[in-house]
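**Q** Here you go, one structure.
Every number here is computed from the coordinates shown, using simple stated rules; none is lab data. Note that the structure is a prediction, hence the values are computed from the model and not measured. Positions of Cβ are backbone-derived with ideal geometry, glycine not excepted, and every protein chain shown enters the neighbour counts.
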Amino acid sequence: MNFAIIGCGFIAKKHALAIDKISNANLIAVCDRVPEMMGFYSETYGAKAYVDSTEMLKDPLIDIVCICTPSGLHAPIAEEVARAKKHIVMEKPIAMTLEETDRIINASELNGVKLTVVHPNRFRTVVQETKKILDQNLLGKISHANCLVNWNRGQEYYDQAPWRGTKTHDGGVLMNQAIHNLDLLLWFIGKPTEVFSMEATRLRNIEAEDVSTGVVRFENGVLANIQASTTVYPKNYEESITIFGEKGTLKIGGTNALHFEKLEVEDLEDAEIQEIINRVEQDPWGTPGHQRIIEEMIFAIQNNKEPAVTGEDGKRALKLVLAFYESAASKRLVNILLEKREVSK
Ligand SMILES: NC(=O)c1ccc[n+]([C@@H]2O[C@H](COP(=O)([O-])OP(=O)(O)OC[C@H]3O[C@@H](n4cnc5c(N)ncnc54)[C@H](O)[C@@H]3O)[C@@H](O)[C@H]2O)c1
């Protein structure tokens with residue numbers, strides 16, 4: 001499988017590294033508006049450099065394109081890639097609006113190409129173990145959950161590029177950072193029905209939110225509260241998800257959510273719980289998430305299957321972020337199930 005990358009900034013390096021680690025994958029082309037951004041990829045991997053994506057996409061040898069541009073540019077670039085009949089590995093968030101998202105999904109379907117969205121945290125060892133526990137219903141009926149992302153992104157992070165922290169091209173802590181945790185909550189718990197949230201821009205000089213807090217009700221009755229921020233002094237403090245069930249309590253935590261901070265399950269022996277904890281502690285990160293996403297994509301293409309994280313998964317996470325934004329702006333409860341959003345009184 002021959003890969004290309006569009007947008008050669010910070011995250012593109014993880015894609016290149018992942019492609020390099022996979023035996024049947026080669027990075028053959030890269031594209032960036034700024035030529036200097038591409039030197040590393042040409043020198044390290046021999047990738048051909050293009051400043052114009054249209055020109056690059058004419059290359060019939062390219063099978064899959066990783067889109068790593070600022071989030072507000074994902075949709076038009078994905079449409080172009082799909083029209084060129086190349087499969088798409090899309091960085092998160094899939095797009096900034098549901099309308100853009102539908103354009104991406106439609107373009108991939110119309111052109112018969114596969115689409116995956118990079119939510120790599122799903123492949124962390126502790127997350128995989130949690131998913132197994134939940135799929136076996138070992139926690140019983142879940143009453144509620146808690147999700148905290150209290151991190152630090154200083155002003156210098158936002159000042160790196162003009163798109164950062166803008167509402168149209170990046171969003172704030174929810175859209176950029178906590179969307180990974182919202183994706184996990186959806187994966188673990190199911191369909192959300194209602195959202196109420198508040199947000200603020202407290203300490204960073206940006207357009208979007210640097211603090212957000214909210215509650216979500218899920219279709220199965222579970223209530224979850226979410227708090228996310230990039231304002232924590234002096235560095236990242238915590239990323240956690242806690243799930244409270246009638247037969248068990250589970251907390252994934254740490255500065256990054258990589259460890260079980262609590263795992264008590266009525267129907268598991270102490271030795272079984274210790275085995276699960278040992279598996280996590282032996283290799284908390286697991287194979288890097290970007291590599292797993294790309295491996296799963298190659299498998300999906302070769303076996304005509306759905307990729308591990310689909311465009312619809314990306315849309316679900318985005319829809320939840322947008323419901324938070326809508327609730328914060330309207331100061332109302334948002335019913336997320338309604339296709340055409342109505343605001344409850
Ligand atoms: N999955 C993750 O964990 C993760 C982590 C970081 C960033 N991201 C996502 O990756 C994307 C990029 O983030 P980043 O931090 O790498 O940004 P960045 O600013 O470091 O890099 C973006 C690059 O895109 C280039 N670019 C802009 N417009 C272009 C165009 N039309 N054609 C070609 N190149 C263009 C820029 O010159 C720049 O080099 C964002 O959507 C972000 O949310 C995901």
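**Q** Looking only at the range 104-129, count every residue that is within 16 Å of the ligand (Cβ to nearest atom) and among the basic types (Lys, Arg) and tell me the total.
**A** Qualifying residue count, the range 104-129: 2.
**Q** If you check every pair at least six apart or on different chains, which have Cβ atoms under 7 Å apart with a residue in the range 1-21 that is of a type in the set (A, V, I, L, M) first and a residue that is part of a loop (DSSP other than H, G, I, E, B) and within 15 Å of the ligand (Cβ to nearest atom) second?
**A** Between residues of the range 1-21 that are of a type in the set (A, V, I, L, M) and residues that are part of a loop (DSSP other than H, G, I, E, B) and within 15 Å of the ligand (Cβ to nearest atom), the close pairs are ALA4/ILE62; ILE5/CYS68; ILE6/CYS68; ILE6/THR69; ILE11/CYS68; ALA12/CYS68; ALA18/PRO288.
**Q** Follow-up. Suppose we filter SER53, SER42 for residues that are small (Gly, Ala, Ser) and under 20 Å from LYS114 (Cβ atoms); which single one remains?
**A** It is SER53.
**Q** Let me ask something else about it. Criterion first (more than 10 Å from the ligand (Cβ to nearest atom) and touching a Leu at 6+ places or on another chain (Cβ under 7 Å)) does ALA47 satisfy it?
**A** yes
**Q** Determine whether the range 135-150 contains at least one residue that is within 16 Å of the ligand (Cβ to nearest atom) and surrounded by 15 or more Cβ atoms within 10 Å (Cβ to Cβ).
**A** yes
**Q** Away from the ligand (no atom under 11 Å from the Cβ) and of a type outside the set (Lys, Arg): is that true of LEU73 in this structure?
**A** In short, no.
**Q** Tell me, which residue of the range 76-103 that is more than 16 Å from the chain's Cα centre (by Cα) and hydrophobic (A, V, I, L, M, F, W, C) is farthest from the ligand (Cβ to nearest atom)?
**A** ALA82
**Q** Search the range 19-39 for residues being within 11 Å of the ligand (Cβ to nearest atom) and part of a helix (DSSP H, G or I), and hand back the single one that is surrounded by the fewest Cβ atoms within 10 Å (Cβ to Cβ).
**A** Restricting to residues being within 11 Å of the ligand (Cβ to nearest atom) and part of a helix (DSSP H, G or I), the top hit is GLU36.
**Q** Would you mind finding the one in ILE243, ILE277, ILE273, ILE226 that is within 23 Å of ILE133 (Cβ to Cβ), away from the ligand (no atom under 16 Å from the Cβ) and touching a Cys at 6+ places or on another chain (Cβ under 8 Å)?
**A** ILE226
**Q** For residues that are part of a loop (DSSP other than H, G, I, E, B) and free of Cβ contacts under 8 Å to residues at least 40 places away in the same chain, scanning just the range 168-209, find the one that is nearest to the ligand (Cβ to nearest atom).
**A** THR201
**Q** Restricting to the range 5-18, what's the tally of residues that are touching a strand residue (DSSP E or B) at 6+ places or on another chain (Cβ under 7 Å) and within 11 Å of the ligand (Cβ to nearest atom)?
**A** Within the range 5-18, residues that are touching a strand residue (DSSP E or B) at 6+ places or on another chain (Cβ under 7 Å) and within 11 Å of the ligand (Cβ to nearest atom) number 7.
Conditions tested, residue by residue: (1) surrounded by fewer than 18 Cβ atoms within 10 Å (Cβ to Cβ); (2) touching a Pro at 6+ places or on another chain (Cβ under 9 Å); (3) over 23 Å from THR130 (Cβ atoms).
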position: LEU184; (1), (2), (3): no, no, no
position: PHE196; (1), (2), (3): no, no, yes
position: ARG204; (1), (2), (3): no, no, yes
position: THR230; (1), (2), (3): no, no, yes
position: ASN236; (1), (2), (3): yes, no, no
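**Q** To continue, here is another question. Any idea which of (1) buried (at least 17 other Cβ atoms within 10 Å of the Cβ); (2) within 19 Å of ASN176 (Cα to Cα) is the one GLY248 doesn't satisfy?
**A** Result: GLY248 passes all but (2).
**Q** Output the number of the condition that THR54 fails; it satisfies all remaining conditions of (1) within 9 Å of the ligand (Cβ to nearest atom); (2) β-branched (Val, Ile, Thr); (3) exposed (fewer than 13 other Cβ atoms within 10 Å of the Cβ).
**A** Failed condition: (1).
**Q** Among (1) free of Cβ contacts under 8 Å to residues at least 40 places away in the same chain; (2) touching a helix residue (DSSP H, G or I) at 6+ places or on another chain (Cβ under 6 Å), there is one condition GLU129 misses while meeting the rest; what is its number?
**A** (1)
**Q** Among the basic types (Lys, Arg) and out of contact with any Asp or Glu (no Cβ under 9 Å at 6 or more places or on another chain): which single residue out of LYS48, LYS85 fits that description?
**A** LYS85
**Q** Any residue that is touching a strand residue (DSSP E or B) at 6+ places or on another chain (Cβ under 8 Å), among the small types (Gly, Ala, Ser), assigned to a loop (DSSP other than H, G, I, E, B) and within 25 Å of PRO192 (Cβ to Cβ) - is there at least one of those in the range 300-320?
**A** Yes; the residues of the range 300-320 include at least one that is touching a strand residue (DSSP E or B) at 6+ places or on another chain (Cβ under 8 Å), among the small types (Gly, Ala, Ser), assigned to a loop (DSSP other than H, G, I, E, B) and within 25 Å of PRO192 (Cβ to Cβ).
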